[in-house]
Amino acid sequence: MTTDYIAINHWIGQGVRVLDLGCGDGSLLAHLIETRNICGYGLEIDPTSIHTCISKGLNVIEQDVNSGLHNFSDNAFDSVIMTQALQVMRYPHLVLDEMLRIGRECIITFPNFGHWRTRSDLGFRGRMPVTEQLAYQWYDTPNIHFFTYSDFEALCCQRNIRILHRQCISQGVIDRCLKKVWPNLFTETAIYHLSR
Amino acid sequence: MVDISEPIKLACGVVLDEHQLMVETYGTLNADRSNAILICHALSGSHHAAGWHDGDRKPGWWDHYIGPDKAMDTQRFFIVSPNNIGSCFGSTGPTTINPATQHPWGPDFPPLRARDWMESQHLLMQHLGITCWAAVVGGSLGGMQAMRWSLEYPEKLLNSVVIASAMKLSAQNIAFNEIARRAIKSDPDYLAGRYLENDRVPRRGLALARMIGHVTYLSDVAMAEKFGRELNIGNFSVGEKDPIEFQIESYLNYQGDKFADDFDANAYILITKMLDYFDLSREYQNDPVAAFKHASCNFMVISFTSDWRFPAQRSREITDALVGAGRNVSYAEIQSDQGHDAFLLPNTRYEKVLGGYLSRVADQLEASTA
């Protein structure tokens, strides 16, 4: 089980209603069904991923988050999750608002563009970073917004979003030691638990 | 032919003491009778859903999806495909004899609702000794039956597969149906529906009704690709005054005439009204979420991008209501330029989605049987 799953698992109650935006092959949903007995739905647009979810018996709905979530009523879900996809959204701030409208809480994970490795790629090498989290060349990437841990904190503050929990994940030993002091510099993946 | 000797009380209050259903089945019912799928046909469908009969020009109407290794795999499922009452392929309906008068029912056949088809299918289910369908599957009006089943007999199906359907028809849908009915009634041979007793058939009206319907089942793109402005006869050269016929004209006329040979005008009127009357949540304070709270099965909802008779939005509404009711549901919107007819036609992604869903259903059945 990956570290981000452990964090997400902590913030999800037993038997709650969960919506996973951009659920991919449904592995997070399947994990939460197994460990938390959730009633879960995933939104996805990739036909192969949708087929995989259907074959696993997961609830998957073909819907593009970029086209809005207006078909879901206020507080329709206990928790709305988006893992590693906010940077792909056309209007991340509006998606965030919508997530907090249809869910009592939401959980977001994103790659921190402020990590020292991406900074050094851009700052010293003068090249757009290609890392494990951001594994695309600049000319062929679904990632259209690059933002940092600090950017996201500022956005939450500006839009009066309550941060219930935050967790920083890094793989390297040094990163793991220093992320508590300088999270913006040493966090690879940021995980936020939010509410209004 | 299955004789249903149990009386059936129709939604309109009329009781049919007994009725007959033409039924085809494919595959083998397993020992614990758990692998049965009910196929619900739409407006013009019949019991002949798959395979070839002697003299067939075409296989059954859903042959692309029913058979060995197909989406509805007859090696794993026992597939039950009835022709429903009020239709005209041998089951009790306007063309069969009314026992009270010894004449064909004709226009006196009682008005039907989708729930009447479901009740008749339920009697068939008991006749076959099946206590729970592995799935009820249908497209268009068939999807309406699959949804009705989930509300009326929640404990008697595990899965409801709703394809290119809607919780109720739109005003535009009803309008097209009324044009079709008017076309039939305008035919001098219609004789207020008593044409069979007078050895007449309102072929012109029925053909016209079908031609209108057929256009709405196709998409602009599909028609352009298949026919374009190609000519069947004649040409546009200066000096030519021979008649000119576009391919689409001859195609539509052919389809209309063929339909007029195969289908019954009273049945067409009866079943289009049944479509118009269907409203899933009417008795649930018009709240589809409240309606689906009565269901307990899993749902698979499928729509097609170019379907303008039952647009994808109608299927999204079904899906939203199911999510709101906390039901298990998956939804796929299949890219297709074939219009409403797409649910009958080959489409790789559609096959994968339907086949993938039902294969999972079969896996679970087989695991619980083993």
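The values are calculated or read from the model by the stated rules, or taken from the named source; none is laboratory data. Since we're looking at a predicted model, the values are computed, not measured. Note that each Cβ is placed from the backbone with ideal geometry, even for glycine, and that neighbours are counted across all protein chains shown.
Mind checking which residues of the range A:1-23 are among the charged types (D, E, K, R) and at pLDDT 95 or above? Steps first, please.
Taking the range A:1-23 and keeping what is among the charged types (D, E, K, R), we get A:4, A:17, A:20.
Passing the criteria: A:17, A:20.
Scanning the range A:20-68 for residues that are touching a residue at least 12 places away in the same chain (Cβ under 8 Å), in a helix (DSSP H, G or I) and away from every other protein chain (no Cβ under 12 Å) yields A:28, A:30, A:31, A:32, A:35, A:36, A:65, A:66. Look at (1) out of contact with any Lys or Arg (no Cβ under 7 Å at 6 or more places or on another chain); (2) in contact (Cβ under 8 Å) with a residue 12 or more places away in the chain and you find that residue B:278 fails only one, number (1). In summary, residue B:316 fulfils each of the numbered conditions (1) under 24 Å from residue B:60 (Cβ atoms); (2) within 10 Å of chain A (Cβ to nearest Cβ); (3) basic (Lys, Arg) with the single exception of condition (1).
So which of B:332, B:367, B:325, B:362 is touching a helix residue (DSSP H, G or I) at 6+ places or on another chain (Cβ under 9 Å) and more than 9 Å from every other protein chain (Cβ to nearest Cβ)? Quick ask: steps written out before the conclusion?
Values: B:332 fails: more than 9 Å from every other protein chain (Cβ to nearest Cβ); B:367 fails: touching a helix residue (DSSP H, G or I) at 6+ places or on another chain (Cβ under 9 Å); B:362 fails: touching a helix residue (DSSP H, G or I) at 6+ places or on another chain (Cβ under 9 Å).
Among B:332, B:367, B:325, B:362, only B:325 is touching a helix residue (DSSP H, G or I) at 6+ places or on another chain (Cβ under 9 Å) and more than 9 Å from every other protein chain (Cβ to nearest Cβ).
Scanning the range A:69-82 for residues that are of a type in the set (S, T, N, Q) and either in contact (Cβ under 8 Å) with a residue 60 or more places away in the chain or facing chain B (nearest Cβ under 9 Å) (or both) gives A:71, A:73, A:79. Of all residues in the range A:3-19, those being in contact (Cβ under 8 Å) with a residue 40 or more places away in the chain, away from every other protein chain (no Cβ under 14 Å) and in a loop (DSSP other than H, G, I, E, B) number 3. Residue B:307 falls short on exactly one of the conditions (1) more than 10 Å from chain A (Cβ to nearest Cβ); (2) outside any loop (DSSP other than H, G, I, E, B); (3) not hydroxyl-bearing (Ser, Thr, Tyr), and that condition is (2).
Among the residues of the range B:78-137, those that are within 21 Å of residue B:193 (Cβ to Cβ) and aliphatic (A, V, I, L, M) comprise B:85, B:97, B:100, B:112.
Every test in (1) within 13 Å of chain A (Cβ to nearest Cβ); (2) free of Cβ contacts under 8 Å to residues at least 12 places away in the same chain is passed by residue B:285 save one, and that test is (1).
Here are the criteria: (1) within 29 Å of residue B:300 (Cα to Cα); (2) at pLDDT below 95. Tell me which single one residue B:156 does not satisfy. Every condition holds for residue B:156 apart from (2).
Residues of the range A:69-97 that are part of a loop (DSSP other than H, G, I, E, B), hydrophobic (A, V, I, L, M, F, W, C) and farther than 28 Å from residue B:358 by Cα: A:69, A:76, A:85, A:89.
When the range B:298-309 is filtered for residues that are surrounded by fewer than 22 Cβ atoms within 10 Å (Cβ to Cβ) and touching a residue at least 40 places away in the same chain (Cβ under 8 Å), the ones remaining, listed by number, are B:306, B:308. Of all the numbered requirements in (1) within 17 Å of the chain's Cα centre (by Cα); (2) modelled with pLDDT of 95 or more; (3) surrounded by fewer than 22 Cβ atoms within 10 Å (Cβ to Cβ), residue A:47 misses one, and that requirement is (1).
Mind checking which residues of the range A:1-46 are under 17 Å from residue A:65 (Cα atoms) and hydroxyl-bearing (Ser, Thr, Tyr)? Correct list: A:41 only. Restricting B:267, B:342, B:312, B:291 to those that are touching a strand residue (DSSP E or B) at 6+ places or on another chain (Cβ under 9 Å), touching a residue at least 60 places away in the same chain (Cβ under 8 Å) and under 29 Å from residue B:172 (Cα atoms) reduces the list to B:342. Checking each residue in the range B:335-359 for being closer than 14 Å to residue B:305 by Cβ, surrounded by 19 or more Cβ atoms within 10 Å (Cβ to Cβ) and either of a type in the set (D, E, K, R) or more than 7 Å from chain A (Cβ to nearest Cβ) (or both) picks out B:336, B:338, B:339, B:340, B:341, B:342, B:343, B:347, B:350.
Within the range B:324-339, residues that are free of Cβ contacts under 8 Å to residues at least 60 places away in the same chain and on the phi > 0 side of the Ramachandran plot sit with their Cβ atoms under 9 Å from residues that are surrounded by fewer than 23 Cβ atoms within 10 Å (Cβ to Cβ) and in a strand (DSSP E or B), at 6+ positions apart or across chains, in these pairs: B:326/A:17; B:326/A:39. Of all residues in the range B:83-137, those that are among the aliphatic types (A, V, I, L, M), free of Cβ contacts under 8 Å to residues at least 40 places away in the same chain and in a helix (DSSP H, G or I) total 1.
Do the conditions hold for residue A:105, that is, is it away from every other protein chain (no Cβ under 12 Å), among the acidic types (Asp, Glu) and under 23 Å from residue B:333 (Cβ atoms)? Lay out the reasoning, then the answer.
Numbers: away from every other protein chain (no Cβ under 12 Å): yes; among the acidic types (Asp, Glu): yes; under 23 Å from residue B:333 (Cβ atoms): no.
Judged against the criteria, residue A:105 is not a match.
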